[in-house]
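Here is the structure we will look at, set down as structure tokens.
The values are calculated or read from the model by the stated rules, or taken from the named source; none is laboratory data. Because the structure is predicted, anything quoted here is derived from the model rather than measured. All Cβ positions, glycine included, derive from the backbone under ideal geometry; neighbour counts span all protein chains shown. Heads up: the accessible areas ignore ligands, DNA and RNA and are worked out on the full protein's heavy atoms, side chains in. Shrake-Rupley method; radii C 1.70, N 1.55, O 1.52, S 1.80 Å.
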Amino acid sequence: MNTEITTLETEDGIINDGFILRTSSKKILIATHGMGSNCFKEREKIIAKKVLENGIDFLGYNNRGSELVKNIRKNVDGVVKKFFAGTTYEDPKEGYFDIKAAIEKAVSLGYTDIYLQGHSLGATKVLYTYNKLKKENSELLKYIKGVVLLSLIDIPKVLKIYLGENYEKMMNIAIQKENEKKILDLMPRESFIHPISVKTFLEYSKYAKEIDFAQYSKKDYDYKELNNITVPLFMRWGCENEMIEQNVQDLVNMISQKLNNPKKDINYVSGADHGYTKKEDILANEIVEFLKKI
């Protein structure tokens, strides 16, 4: 096995750092992390070890939403400009460029079977990217052989639950700041679980339509975006301190009934939290068993 440090250059000129654990395999799992995170979490390390033991290489990378705040350089209409990035300032829809760059890197290295994995907001980004590639009839789709979504959550709903009676107050603050063209200002500390800009707060609330795939509280929701996934699909949640309002078994049953994919594997990890702390081995083994069947 070789460990290679790599860079992933996106269409809009951002350079993301990553690493590839390589063997002679033509199969690779690409992992996309969630909010305020990075590619070196214990969960991803354990998953990487397990898939490597089973003939699948691993690509981890830091997307533009990694950590809380950082500077990036982006190409805007041919001009390179500096921007704030990180979880505090990101537009999750731009994760499309990061994931696409990772797929293109894998293809350039000769991989023929690519599995996309996302955790939390990373799962939302993977689902958004898959659907966007499908709309574009992208050639990259032929390389994607499976999708792994870990703790896909209803972000707008979770935000409403978290804020409770303060939701309208925070929305009014954000909209006023937007009207004043101050979208890079930070929201009040109590508005989110970590520092968040007005811009990003509105992406999770006012402008969330394009990423609002997990409307678990709506009984008549058709889960079109999830049903657009035609390759084998693996979904998991935790059951303790998970960011869902339903009983996890009820959620698993409901999603299983709603999705038409004949090769779906939908369940939860007993005793796991949102990050699968201390349950990483169980999760990794279940992912490996799923991938071995593809």
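Please verify whether region 17-34 includes one or more residues that are assigned to a loop (DSSP other than H, G, I, E, B), under 17 Å from the mean Cα position of the chain (by Cα) and not β-branched (Val, Ile, Thr). Among the residues of region 17-34, at least one is assigned to a loop (DSSP other than H, G, I, E, B), under 17 Å from the mean Cα position of the chain (by Cα) and not β-branched (Val, Ile, Thr), which makes the answer yes. Taken together, the residues in region 1-16 that are surrounded by 14 or more Cβ atoms within 10 Å (Cβ to Cβ), not hydroxyl-bearing (Ser, Thr, Tyr) and not in a strand (DSSP E or B) amount to 3. Is it true that residue 23 is β-branched (Val, Ile, Thr) and open to solvent by 30 Å² or more (accessible area, probe 1.4 Å)? Judged against the criteria, residue 23 is a match.
Restricting attention to region 90-136 and to residues that are assigned to a helix (DSSP H, G or I) and among the polar types (S, T, N, Q), the residue that is farthest from the chain's Cα centre (by Cα) turns out to be 108. Condition check: within 19 Å of the chain's Cα centre (by Cα) and in contact (Cβ under 8 Å) with a residue 40 or more places away in the chain. Does residue 52 satisfy that? So residue 52 fails the test. Here region 36-51 is the region considered, the condition is being touching a strand residue (DSSP E or B) at 6+ places or on another chain (Cβ under 6 Å) and assigned to a helix (DSSP H, G or I), and the residue that is surrounded by the most Cβ atoms within 10 Å (Cβ to Cβ) is 51.
Per-residue answers, yes or no, for (1) touching a strand residue (DSSP E or B) at 6+ places or on another chain (Cβ under 7 Å); (2) surrounded by 17 or more Cβ atoms within 10 Å (Cβ to Cβ):
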position	(1), (2)
66	no, yes
71	yes, no
75	no, no
96	no, yes
99	yes, yes
104	no, no
117	yes, yes
152	yes, yes
174	no, yes
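The set of residues in region 137-148 that are part of a helix (DSSP H, G or I) and within 14 Å of the chain's Cα centre (by Cα) is empty.
Take residue 180 and tell me if it is over 27 Å from residue 38 (Cα atoms), among the acidic types (Asp, Glu) and either under 17 Å from the mean Cα position of the chain (by Cα) or surrounded by fewer than 20 Cβ atoms within 10 Å (Cβ to Cβ) (or both). For residue 180, the condition - over 27 Å from residue 38 (Cα atoms), among the acidic types (Asp, Glu) and either under 17 Å from the mean Cα position of the chain (by Cα) or surrounded by fewer than 20 Cβ atoms within 10 Å (Cβ to Cβ) (or both) - is met. Name every residue in region 26-35 that is open to solvent by less than 10 Å² (accessible area, probe 1.4 Å) and within 19 Å of residue 289 (Cα to Cα), in order of residue number. Passing the criteria: 28, 29, 30, 31.
In the condition set (1) surrounded by fewer than 20 Cβ atoms within 10 Å (Cβ to Cβ); (2) of a type outside the set (A, V, I, L, M, F, W, C); (3) in contact with a Ser or Thr (Cβ under 9 Å, 6 or more places away or on another chain), residue 81 is compliant with all but (3).
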